[in-house]
């Protein structure tokens, strides 16, 4: 059996959808905090089991009989390392054959604050003795798309990334890669996949693309790190989130979100979704919502 943690999250649901194309539903375990939220998956024959990162007693039964486990990193910054450790401990206890973990691009050398807990989890996997694969995911294009209505309203895309190039890809691309590794007959034990979009762009490029497709003026406004952080707080982001977003931009300026290896496209057998397509979809969704 193949299990996916966080299966009702944005990435998890996409992975499940990809797996269902090649794997019988009864051989897929959706490991979720709240099983009621996965009723639609259960109706399609997927095995739904409770698996709460903060309640280790739920994890052992959730992983029973699982051959491969996709550990999707948690969303609670500052709590992820102990949560992931609980998953690893439970997987080892029941004899899971392999853990596939969604880490961050170039986790071992990344200057991003986000990378700290990923490095800790990678170290925990090595120490566990459980065979594992690292999917070091680059930036999601969706990280930028939700702010497009505000960007259009103000005619400006603020940031602190300078001319840093960002190799983003659609979340669906990363989901397809995870499903490919999980369903592949090869074991990939010890493999590290640095995953990123085929076409890198700067935030100035992104602003120009939004302007081109919307027909409205949009310019990139590059700000010093702390000024950008204050701007984000002014937009209503919690201070902790603003810190992480500003830190990520500062890292992008240093090349932390760039990779030209082409591994993601090779793994999924097609080009990654270009930012132009992601912008088009976001603009269409914004029109529909309006």
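Residue check: residue 176 meets all listed conditions (1) under 16 Å from the mean Cα position of the chain (by Cα); (2) closer than 25 Å to residue 254 by Cβ; (3) at pLDDT 95 or above but one, namely (2). Restricting 187, 173 to those that are within 22 Å of residue 284 (Cβ to Cβ) and either assigned to a loop (DSSP other than H, G, I, E, B) or not assigned by TED's automatic domain parsing to the domain that holds residue 248 (or both) reduces the list to 173. Of the numbered criteria (1) in contact (Cβ under 8 Å) with a residue 24 or more places away in the chain; (2) on the phi < 0 side of the Ramachandran plot; (3) crowded, with 16+ Cβ neighbours inside 10 Å, the one residue 106 fails is (2).
Evaluate region 277-287: report whether one residue or more is in contact (Cβ under 8 Å) with a residue 60 or more places away in the chain, in contact with a strand residue (DSSP E or B) (Cβ under 7 Å, 6 or more places away or on another chain) and part of a helix (DSSP H, G or I). No.
Scanning region 210-231 for residues that are in a helix (DSSP H, G or I), in contact with a helix residue (DSSP H, G or I) (Cβ under 7 Å, 6 or more places away or on another chain) and surrounded by fewer than 19 Cβ atoms within 10 Å (Cβ to Cβ) yields 213, 214, 225.
Can you find even one residue in region 89-106 that is in contact with a helix residue (DSSP H, G or I) (Cβ under 7 Å, 6 or more places away or on another chain) and assigned to a loop (DSSP other than H, G, I, E, B)? The answer is yes, given that some residue of region 89-106 is in contact with a helix residue (DSSP H, G or I) (Cβ under 7 Å, 6 or more places away or on another chain) and assigned to a loop (DSSP other than H, G, I, E, B).
Listed here are the residues, each with its yes/no results for (1) touching a helix residue (DSSP H, G or I) at 6+ places or on another chain (Cβ under 6 Å); (2) assigned to a loop (DSSP other than H, G, I, E, B); (3) touching a residue at least 24 places away in the same chain (Cβ under 8 Å).
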residue: 207; (1), (2), (3): no, no, yes
residue: 237; (1), (2), (3): no, yes, no
residue: 248; (1), (2), (3): no, no, yes
residue: 271; (1), (2), (3): yes, yes, yes
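Taking the stated definitions as given, is residue 4 assigned to a helix (DSSP H, G or I) and either crowded, with 23+ Cβ neighbours inside 10 Å or touching a strand residue (DSSP E or B) at 6+ places or on another chain (Cβ under 7 Å) (or both)? The answer is no for residue 4. For region 53-72, the count of residues that are under 21 Å from the mean Cα position of the chain (by Cα), modelled with pLDDT of 95 or more and assigned to a loop (DSSP other than H, G, I, E, B) is at least one.
One residue is enough: does region 115-128 have a residue meeting the conditions part of a loop (DSSP other than H, G, I, E, B) and either within 23 Å of residue 272 (Cα to Cα) or not assigned by TED's automatic domain parsing to the domain that holds residue 226 (or both)? Looking through region 115-128, none of the residues is part of a loop (DSSP other than H, G, I, E, B) and either within 23 Å of residue 272 (Cα to Cα) or not assigned by TED's automatic domain parsing to the domain that holds residue 226 (or both). Do the conditions hold for residue 152, that is, is it assigned by TED's automatic domain parsing to the domain that holds residue 203, in contact with a strand residue (DSSP E or B) (Cβ under 6 Å, 6 or more places away or on another chain) and under 30 Å from residue 283 (Cα atoms)? So residue 152 fails the test.
The values are calculated or read from the model by the stated rules, or taken from the named source; none is laboratory data. Model, not experiment: these values are computed from the prediction. Counting neighbours? That spans all protein chains shown, and the Cβs are built from the backbone with ideal geometry, glycine included.
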